[in-house]
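Enquirer: After the structure tokens below, expect a handful of questions from me.
The values are calculated or read from the model by the stated rules, or taken from the named source; none is laboratory data. Treat the numbers as computed from the prediction; the structure is a model and nothing was measured. Neighbour counts are summed over all protein chains in view; Cβ atoms, including those assigned to glycine, are modelled from backbone coordinates with ideal geometry.
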There are 2 protein chains.
Amino acid sequence: MSKKVNGKVIDALLKPQSIAIIGASNKSGKIGNTIVQKLLEGKYGGKIYPINPKDKEILGLKAYPSILDVPEHVDGAIIAVPAEATLQVVDECGQKGVNALTVITSGFSEVGRTDLEEAMVDKAHSYGMGIMGPNIIGILSNSEQMNASFAPLLPLEGKASLVSQSGALLIALDMATFTRRVGFEKLVSIGNMSDVNFGDLVEWLDQDEKTQCIALYIEGLKKGRHFIEKCRAARKPIVALKAGISEHGAAAAASHTGSLAGAAKVYKAAFDQAGVIMADSVGNLFDRTLAFSLQPPMEGDNLLVITNGGGVGVLASDAAEKCDIPLKFAPKDVQTELKKHMPEFGSAKNPVDITGGAGVDWYYESVKYAYAHKWVDGLVVLYCETAVTDPIEIAEGIHKAITETGLGKKPVVVSFLGGERSDQAMQWLVENDIPAYDAPDKAVCVLSGLRQYAKICTMDNSPFKIYDHVNRDQALNIINKVRTEGRDALTEIEAKQVFAAYGLPVAETRLARTEDEAVELATIGGFPVVMKLVSPDILHKSDAGGVRVNVKNADDVREGFRTIVANAKAYKSDATIIGVAIQEMAPWGTEVIVGSINDPTFGPTIMFGLGGIFVEVLKDVTFRVAPVTNKQAFAMLKDITSGPILDGVRGETRRDQEALATVISYYSQMISDLANEIAETDANPVLVYGEGKGCKIVDARIILKKK
Amino acid sequence: MSKKVNGKVIDALLKPQSIAIIGASNKSGKIGNTIVQKLLEGKYGGKIYPINPKDKEILGLKAYPSILDVPEHVDGAIIAVPAEATLQVVDECGQKGVNALTVITSGFSEVGRTDLEEAMVDKAHSYGMGIMGPNIIGILSNSEQMNASFAPLLPLEGKASLVSQSGALLIALDMATFTRRVGFEKLVSIGNMSDVNFGDLVEWLDQDEKTQCIALYIEGLKKGRHFIEKCRAARKPIVALKAGISEHGAAAAASHTGSLAGAAKVYKAAFDQAGVIMADSVGNLFDRTLAFSLQPPMEGDNLLVITNGGGVGVLASDAAEKCDIPLKFAPKDVQTELKKHMPEFGSAKNPVDITGGAGVDWYYESVKYAYAHKWVDGLVVLYCETAVTDPIEIAEGIHKAITETGLGKKPVVVSFLGGERSDQAMQWLVENDIPAYDAPDKAVCVLSGLRQYAKICTMDNSPFKIYDHVNRDQALNIINKVRTEGRDALTEIEAKQVFAAYGLPVAETRLARTEDEAVELATIGGFPVVMKLVSPDILHKSDAGGVRVNVKNADDVREGFRTIVANAKAYKSDATIIGVAIQEMAPWGTEVIVGSINDPTFGPTIMFGLGGIFVEVLKDVTFRVAPVTNKQAFAMLKDITSGPILDGVRGETRRDQEALATVISYYSQMISDLANEIAETDANPVLVYGEGKGCKIVDARIILKKK
């Protein structure tokens, strides 16, 4: 949690002992009126103190001119005065010893008044108070019977809590809880996140015994790493809908990696690392929340589908494949037993089709047997409404079969497709703790989320161990020298020196300022060599005719030196030309790219992909917030579509993936250590050799943060 | 249409003048009882003749012992007698002069009784009758007030017609029409498709003035090409949900192409060629059907989103990007005008955020202006339920703005997110011809379908012009020779000869049976050469050590010949070794693969992809049902993710895409012409050179159909 946000602060926000409403009003339509009214309507059990400079009574409650006039201790305060008046009332709350402030008021950073917002937070912190908001609709809690908001009513009761960065959406979802039958314990409007942020709430809700599942609607995080840390530590499923995944071209990026890193990709990586399950729509957020509220994780891959309709069975099978939990045939004993509860033309494979004639008995028997069988890790029961069976009865049969076996042992999810009576049956099932959905694909999709969550629970959480045999000071010295010269891009040679300081295997490269030096270096290092322009003003050396490969003798080195310099001058007449880099000619290997950006939300973030065409045309790359352990780096190699190339294709041997993972891991420490200095980097290409033969970084780029 | 299925037949099925129900019964619960009852309940206007050998009256209607006893002409007959009794009643229907039969009865090909099914169809055809089914629930038509099925009731009235291969699903969807507020004109259960198939119904429904949109639930087509032809010819939008897209490994395939061609990919290609829009779930099928029923195609790419909530606006923007209609900023004049109908902190960009305070007036004004503006090609209006506005009023305002401007000029789709009142408002909108959805992403998704449909309407429909300067007979001679020898795989040399007969640019390759012949051929053709084993028993030459490249002189040719033969014998001691192919050494070019399968549903189907790693690891390939015109072949090059490689990457020039498209087009004629003979083919690799320099097929494989 941030310095001032602690459990006590959030207690005072989400379950306050008493509440003062500053800006309470008798004028209908005013927010300060609505909130008092909603608190009363919700039957909030704590003391309510309306604060209003003029009125003596508000909606039947004794009102006070200032919070300082309240005779008792006040736990939380809701602020609904105009923005310009907030500083004063915050100060008064501080004097009064209030623990936390719910600032409804808008007109702060969202309209550019960051100054006002910061001043408010500073003031609150000076008294040890925390702030939720500003610019929020408030906080709703069923267990506290507290509607401390201007939303019309408390949501349908349930076991999930939702934190939303959009107040408008939260109100709409609040009302939708009743029509969609997805219940919530708490709804929290988080607004501008001037103080309390998503990570804080995840940490608190993870401890809240009324909350089984944490649902988030996120537009943009403020403290990305804090969020990852708190989510990873949480013991409850977290499902998040991230809005704003459109790729706004990162055209201004100076590195290859920068141009490939869209917000969507980095958020996806961060959520994966945080163990957060992504929802892809509002509907999906509700669907998943319902399943996580009511069902345990799915501990294995064996999904069994029972259906009375071949069609919906096939649709479920398709969905299972799409969601990465493809159906397998049930074992023989399961098939034999299930065959007893269906007509001859039914199927006991998977999906298990007990046919359209299936009444409650067949459902009951087959669900009971399947749910109890050890092979089955998760169960999807489908019902296609027929003219001859009663959906309510079927629902009761399913519920009976499950509860007799022991609801909660493993996940079961239901889908009824039909009309009014099917909808009623599903509502009844949900009220009896069995999630039900109006389409087979939705049922399968949420079950795949329960499977994903089981995997998250066993995710390798071992911390990154810092490599201590790296030379951070040396790297910083190089960077500082570049800064001194007023540059913010390192030359290739400087970048390689920084890489080398972190133990990365760079192709040996030395600077020749003259033809003679070039010949000398090439002769010492051994022919053939690669020659590359060194100029802080020309980043794209190839475009400037600044690269020569496979240079075989002294004469060619001399000729190469002259040509490269001439080309560079022709390309950019005012470019500073430092010289020509003489580099060992690395033998051919599989080309990959490793790079990094310094993400505004998540900080240093590493990228990996296959090089050349794969990165240029297919953009087949993967990201991780840095640093990453060797094991996590290894997993990155498997992330990309073209990953199998590293296993050896077309007669090649397996590439040295271990060495590559080590490079990525060290690289991730480098960009973390130097996060205050480095904006973007590329190691492109990195050549990866056969097993035991390591890698070689052939070209390097480091762009510094502007200071 | 098939030989016996014509408009009159389908008229007699979907809007019969009179109906006999054979197997009608007074026994409640019997299908023959339910159908008569449902016909009466639906208030069907034509004459109903229950046929029952014993009862004189059924449900108040005069019954007849046999259809032959009915005094008047009978248009259509519904058959609900046991399977074994069908032949006789079909015969009687024929004698009576019935036009078409709706065969409800099951127990035919779906349980292996294909013989019975075929006999029934033959019998019907002998009288000129057509058959719907067997194994169906029946046919429902709102405009005929005809529920000729055992589904409980006619669906909610609407402008779409649905044909379903699953009867159970059709009943469930029938009932769901009321809860989901998606109306249908006709529901047709198509069952085993022994006679009337999807293509026939598409053709008929396209002429049906009550049907605006054709919705299909397909498990497997029987006549793939007929379906494509009828769908392409249709003038109404067709949306299809294809169940069974899971990839059943085509592991037994003998060609590379065969192993890559899953049912899902081929269906996707066929649907694209047919101009059929795919739904990806039952919900999506309904969502799209509603939009197609009520709204015109979207003629351009300019989508404008108007919203009262930033959150849902961002979600809509994300969905637009995902659905390939990314939002663009509205032009200045649009922004200036819209700015007048929102508070200062609103946004007139796109999404246009008229803010949470937006009441009916702001909605009315902004929707009216936007809908009328020529820049706007399609409009999505979002509403997030608030505490201070009334969804019904907002809906009325939106509807007024649209109708005053002229509903139907361009598509408009609405999404209300909220509770009960939002749902009511949406229902009202749908009843007033404006599709409304409960999530912003759904609204955007259906609008993208309307955009897709506009593109389908302008799709190039020019027929394939047969290339006449090809030598089909020569190709057949080669194939016949192979057949004569009892083989079903051509050698590489034979396959290349077939390719050459179709004018395809094969690398010159000749058979050397001896070392001396090998040297002679290599010398005549010129060094260097490639040497490849020729054995009908060894298809994977490389695995057998049967390939040598860049063989530079006579001595190496001799040594190569001996080694290849020795390797082959070691690899498979009983393999017939015909000799060694001596092939010109084609210069390096970009590797691509062209191939084909003979799909059980769609017949000859061509595949294209980048070669080597791209096809092996990434499986980045595209299919088309053959033949394809040059223009269609060219479009295939743009289909694949790695397609841009053909534009030239990493210093290469643009590849000769025109020559490649020509190769694909000729190739597609070859596999079409020889469809009775050829099962699978590969041209792999095909080397593609720079512009104007053409292609060269380096290796060839043809597998014949088993006969």
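Enquirer: Only residues that are without any contact (Cβ under 8 Å) to a residue 40 or more places away in the chain and either among the acidic types (Asp, Glu) or at the interface with chain B (Cβ under 9 Å from one of its Cβ atoms) (or both): list them for segment A:611-647, please.
Expert: So the first thing to find is which residues in segment A:611-647 are without any contact (Cβ under 8 Å) to a residue 40 or more places away in the chain, and the list is A:613-614, A:616-618, A:620, A:630, A:633-644, A:647.
Passing the criteria: A:Ile613, A:Phe614, A:Glu616, A:Val617, A:Leu618, A:Asp620, A:Asp639, A:Thr641, A:Ser642, A:Gly643, A:Pro644, A:Asp647.
Enquirer: With (1) touching a Pro at 6+ places or on another chain (Cβ under 9 Å); (2) farther than 20 Å from A:Phe292 by Cβ as the list, and A:Phe184 as the residue in question, which single condition is left unmet?
Expert: All conditions pass for A:Phe184, except number (2).
Enquirer: If you don't mind, another one. What's the number of the condition B:Tyr363 fails, among (1) under 25 Å from B:Arg181 (Cα atoms); (2) among the aromatic types (Phe, Trp, Tyr); (3) in contact (Cβ under 8 Å) with a residue 60 or more places away in the chain?
Expert: Condition not satisfied by B:Tyr363: (3).
Enquirer: Return the residues of segment A:176-198 that are among the small types (Gly, Ala, Ser) and touching an Asp or Glu at 6+ places or on another chain (Cβ under 7 Å); say none if nothing qualifies.
Expert: If the condition is that a residue be among the small types (Gly, Ala, Ser) and touching an Asp or Glu at 6+ places or on another chain (Cβ under 7 Å), then A:Gly183, A:Ser194 are the ones that fit.
Enquirer: Name the residue that is surrounded by the most Cβ atoms within 10 Å (Cβ to Cβ), counting only residues in segment B:657-691 that are part of a loop (DSSP other than H, G, I, E, B) and in contact with an Asp or Glu (Cβ under 6 Å, 6 or more places away or on another chain).
Expert: Top of the filtered list is B:Tyr689.
Enquirer: When B:Thr34 is evaluated against the numbered criteria (1) closer than 22 Å to B:Ile190 by Cβ; (2) of a type in the set (S, T, N, Q); (3) surrounded by fewer than 20 Cβ atoms within 10 Å (Cβ to Cβ); (4) out of contact with any helix residue (DSSP H, G or I) (no Cβ under 7 Å at 6 or more places or on another chain), which criterion, by number, is the only one it fails?
Expert: (3)
Enquirer: Filter segment A:37-66 down to residues that are in a loop (DSSP other than H, G, I, E, B) and surrounded by 15 or more Cβ atoms within 10 Å (Cβ to Cβ), then give me how many there are. It would help to see each step written out before you state the result.
Expert: Taking segment A:37-66 as the starting set, the residues that turn out to be in a loop (DSSP other than H, G, I, E, B) are A:42-46, A:52-56, A:59-60, A:63, A:65-66.
From what's left, surrounded by 15 or more Cβ atoms within 10 Å (Cβ to Cβ): A:42, A:44, A:46, A:52, A:55, A:59, A:63, A:66.
Adding up the residues that qualify gives 8.
Enquirer: Can I ask one more? Quick one: which strands (runs of 3 or more DSSP E) lie wholly within segment B:116-208 and hold at least 1 residues that are surrounded by fewer than 23 Cβ atoms within 10 Å (Cβ to Cβ)?
Expert: Passing ranges, in order: B:157-164.
Enquirer: While we're on this one: Examine segment B:622-638 for a residue that is charged (D, E, K, R), surrounded by fewer than 19 Cβ atoms within 10 Å (Cβ to Cβ) and closer than 25 Å to B:Ala264 by Cβ, and state whether such a residue exists.
Expert: Yes, segment B:622-638 contains at least one residue that is charged (D, E, K, R), surrounded by fewer than 19 Cβ atoms within 10 Å (Cβ to Cβ) and closer than 25 Å to B:Ala264 by Cβ.
Enquirer: Also, I was wondering about something else. So B:Lys43 clears everything in (1) under 36 Å from the mean Cα position of the chain (by Cα); (2) touching a residue at least 60 places away in the same chain (Cβ under 8 Å) except one condition, right? Which one?
Expert: The one condition B:Lys43 does not meet is (1).
Enquirer: Report, by residue number, each residue of segment A:292-311 that is farther than 16 Å from A:Lys409 by Cβ and either small (Gly, Ala, Ser) or part of a loop (DSSP other than H, G, I, E, B) (or both).
Expert: A:Ser293, A:Asp301, A:Asn308, A:Gly309, A:Gly310, A:Gly311
Enquirer: Moving to a separate point now. Within segment B:143-157, is even one residue away from chain A (no Cβ under 14 Å), over 30 Å from B:Val628 (Cα atoms) and of a type in the set (D, E, K, R)?
Expert: yes
Enquirer: Also, I was wondering about something else. Please work out which one of (1) surrounded by fewer than 19 Cβ atoms within 10 Å (Cβ to Cβ); (2) part of a helix (DSSP H, G or I) is the condition A:Gly503 fails and give its number.
Expert: It fails just one condition, (2).
Enquirer: For segment A:188-197, indicate whether the set of residues that are within 24 Å of A:Ala263 (Cα to Cα), hydroxyl-bearing (Ser, Thr, Tyr) and away from chain B (no Cβ under 14 Å) is non-empty.
Expert: Within segment A:188-197, one or more residues are within 24 Å of A:Ala263 (Cα to Cα), hydroxyl-bearing (Ser, Thr, Tyr) and away from chain B (no Cβ under 14 Å).
Enquirer: Ok, one more. So is B:His469 part of a loop (DSSP other than H, G, I, E, B), within 14 Å of another protein chain (Cβ to nearest Cβ) and over 30 Å from B:Leu241 (Cβ atoms) or not?
Expert: no
Enquirer: Out of (1) of a type outside the set (A, V, I, L, M); (2) touching a helix residue (DSSP H, G or I) at 6+ places or on another chain (Cβ under 9 Å); (3) touching a residue at least 12 places away in the same chain (Cβ under 8 Å); (4) within 14 Å of chain A (Cβ to nearest Cβ), the odd one out for B:Asp174 is which?
Expert: Looking at each condition in turn, B:Asp174 falls short on (2).
Enquirer: What is the one condition in (1) modelled with pLDDT under 95; (2) in contact with a strand residue (DSSP E or B) (Cβ under 9 Å, 6 or more places away or on another chain) that B:Lys572 does not satisfy?
Expert: (2)
Enquirer: Now for a separate question. Does any residue in segment B:146-165 that is more than 20 Å from B:Ile104 (Cα to Cα) come within less than 7 Å, Cβ to Cβ, of a residue that is among the aromatic types (Phe, Trp, Tyr) and outside any strand (DSSP E or B) six or more places away or on a different chain, and which pairs are these?
Expert: Matching pairs, first to second residue: B:Leu156/B:Phe178; B:Ala160/B:Phe292.
Enquirer: On to the next question. Quick one: what pairs do we get from segment B:67-96, first residue part of a helix (DSSP H, G or I) and surrounded by 13 or more Cβ atoms within 10 Å (Cβ to Cβ), second at pLDDT below 95 and not acidic (Asp, Glu), C-beta under 6 Å, 6+ apart or different chains?
Expert: Once the first residue is part of a helix (DSSP H, G or I) and surrounded by 13 or more Cβ atoms within 10 Å (Cβ to Cβ) and sits in segment B:67-96, its partners that are at pLDDT below 95 and not acidic (Asp, Glu) give B:Ala83/B:Gly107.
Enquirer: Kindly indicate whether B:Ala568 is small (Gly, Ala, Ser), free of Cβ contacts under 8 Å to residues at least 60 places away in the same chain and in contact with a helix residue (DSSP H, G or I) (Cβ under 8 Å, 6 or more places away or on another chain).
Expert: So B:Ala568 fits the description; yes.
Enquirer: Oh, and also: What is the number of the single condition among (1) touching a Lys or Arg at 6+ places or on another chain (Cβ under 8 Å); (2) in contact (Cβ under 8 Å) with a residue 40 or more places away in the chain; (3) within 14 Å of chain B (Cβ to nearest Cβ) that A:Ile136 does not meet?
Expert: Here A:Ile136 meets the rest and fails (1).
Enquirer: Could you list all residues from segment B:296-310 that are under 17 Å from B:Leu382 (Cα atoms) and either within 14 Å of chain A (Cβ to nearest Cβ) or out of contact with any Lys or Arg (no Cβ under 7 Å at 6 or more places or on another chain) (or both)?
Expert: Of everything in segment B:296-310, those that are under 17 Å from B:Leu382 (Cα atoms) and either within 14 Å of chain A (Cβ to nearest Cβ) or out of contact with any Lys or Arg (no Cβ under 7 Å at 6 or more places or on another chain) (or both) turn out to be B:Leu303, B:Leu304, B:Val305, B:Ile306, B:Thr307, B:Asn308, B:Gly309, B:Gly310.
Enquirer: Have a look at B:Leu173, B:Leu205, B:Leu162, B:Leu169 and point out the one that is of a type in the set (A, V, I, L, M) and either touching an Asp or Glu at 6+ places or on another chain (Cβ under 8 Å) or farther than 22 Å from B:Ile31 by Cβ (or both). It would help to see each step written out before you state the result.
Expert: Values: B:Leu173 fails: either touching an Asp or Glu at 6+ places or on another chain (Cβ under 8 Å) or farther than 22 Å from B:Ile31 by Cβ (or both); B:Leu162 fails: either touching an Asp or Glu at 6+ places or on another chain (Cβ under 8 Å) or farther than 22 Å from B:Ile31 by Cβ (or both); B:Leu169 fails: either touching an Asp or Glu at 6+ places or on another chain (Cβ under 8 Å) or farther than 22 Å from B:Ile31 by Cβ (or both).
Residue meeting the stated conditions: B:Leu205.
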